[in-house]
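**Student:** Input: one structure, supplied below.
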Amino acid sequence: MLLTALTKCIKDCLTENDGSSYCPFRVSGAALAGSGIPTFIWGTVHTVIKTGTLDYVAFATGLGGMLTGFTVLCAGVALKAKTDTSSPTQGGQ
């Protein structure tokens, strides 16, 4: 049940309104967010453990990269929701 819902959510995030063709804008946003978030967390923790201090320039650069990827993904999903039209079979009017 949970895996089915997660799979549907991921497919909705990556495909166009037709649900079958993948949008390069959304796929790139997901790739940036999916790789940027763990890299940012790992880099921050590794730097603090290794040096004992936090490099604020590196932290801000990593945070900016992570938020950029997440923003691109969210913008693609929001654009899909804005341009999506409901069909009569899906409970439309």
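**Student:** At 7 Å along Cα-to-Cβ for each site, give me the label-to-label distance between Thr51 and Asp12 in nm.
**Tutor:** Computed distance between label sites Thr51 and Asp12 equals 4.2 nm.
**Student:** What list of ³J(HN,Hα) values in whole Hz, one per residue of the range 25-31 in order, does the Karplus curve 6.51 cos²θ - 1.76 cosθ + 1.60 (θ = phi - 60°) give from phi, with Gly and Pro shown as x?
**Tutor:** Computed from phi, the couplings for the range 25-31 are 5, 6, 5, 5, x, 5, 5 Hz.
**Student:** For the chain, what is the charge dipole size about the Cα centre, in debye to the nearest 20, if Lys and Arg each add +1 at the Cβ and Asp and Glu each add -1 at the Cβ?
**Tutor:** Using only the charged Cβ atoms, the result is roughly 80 debye.
**Student:** For Cα extents along the principal axes in Å, one of [x] 74, 22, 17; [y] 61, 31, 25; [z] 60, 28, 21 was computed from the structure I shared and the rest are decoys. Which label?
**Tutor:** Entry [z].
**Student:** If amide hydrogens are placed 1.01 Å from N in the peptide plane, which non-local residues have theirs closer than 5 Å to the one on Thr15?
**Tutor:** Cys23
**Student:** Which whole-Hz ³J(HN,Hα) couplings does the range 45-62 yield from phi under the Karplus relation 6.51 cos²θ - 1.76 cosθ + 1.60, θ = phi - 60°, glycine and proline marked x?
**Tutor:** Coupling constants for the range 45-62: 5, 4, 5, 5, 5, 6, 9, x, 10, 9, 7, 5, 5, 5, 4, 5, 5, x Hz.
**Student:** Where does helix 2-14 land angle-wise versus the long Cα axis of the chain, in degrees 0 to 90, nearest 10?
**Tutor:** Rounded to the nearest ten degrees, it is 90.
We did not get these values from a lab; they are worked out from the coordinates using the rules stated. Computed from a predicted model, the values in this text were never measured in an experiment. So basically every Cβ, Gly included, is an ideal-geometry build from the backbone, and we count neighbours across all protein chains shown.
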